[in-house]
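In what follows, a structure is listed as structure tokens, so that the remarks can point back to it.
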Amino acid sequence: MQNEDGSWIIRMNHELNELIENAETVRFVKCRGIAWLGHMMRMDDRRTPKKIFEGKPMSTRIRG
């Protein structure tokens, strides 16, 4: 979330608990990840995020 001047707000733990209504934090994050995965799976194959998600690297990264 951002302030009116565009700077980001740093939330405290008690504020986050109020936002997610005291649900377990780990469970909440996992559910959001699953929702994101479903979104990616339904996305059109021509979109860049979908191509990156399903893509395979062409080669390995050099050392160093």
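Among residues of region 49-61 that are farther than 16 Å from LEU37 by Cβ and surrounded by 10 or more Cβ atoms within 10 Å (Cβ to Cβ), none has a beta-carbon under 8 Å from a residue that is basic (Lys, Arg) and modelled with pLDDT of 80 or more at least six positions away or on a different chain.
What number of residues within region 45-62 satisfy the criterion of being among the hydrophobic types (A, V, I, L, M, F, W, C) and outside any helix (DSSP H, G or I)? Give the derivation first.
Start the filter on region 45-62 by keeping residues that are among the hydrophobic types (A, V, I, L, M, F, W, C), which leaves 52-53, 58, 62.
Filter again for outside any helix (DSSP H, G or I), leaving 58, 62.
Of the residues in that region, 2 qualify.
Residue count for region 1-44 satisfying the condition of being of a type in the set (D, E, K, R), part of a loop (DSSP other than H, G, I, E, B) and over 30 Å from GLY55 (Cα atoms): 5.
The values are calculated or read from the model by the stated rules, or taken from the named source; none is laboratory data. The shown structure was predicted, so the numbers you read here are calculated from the model rather than taken from an experiment. Glycine gets a Cβ as well: all are built from the backbone with ideal geometry, and neighbour counts include every protein chain shown.
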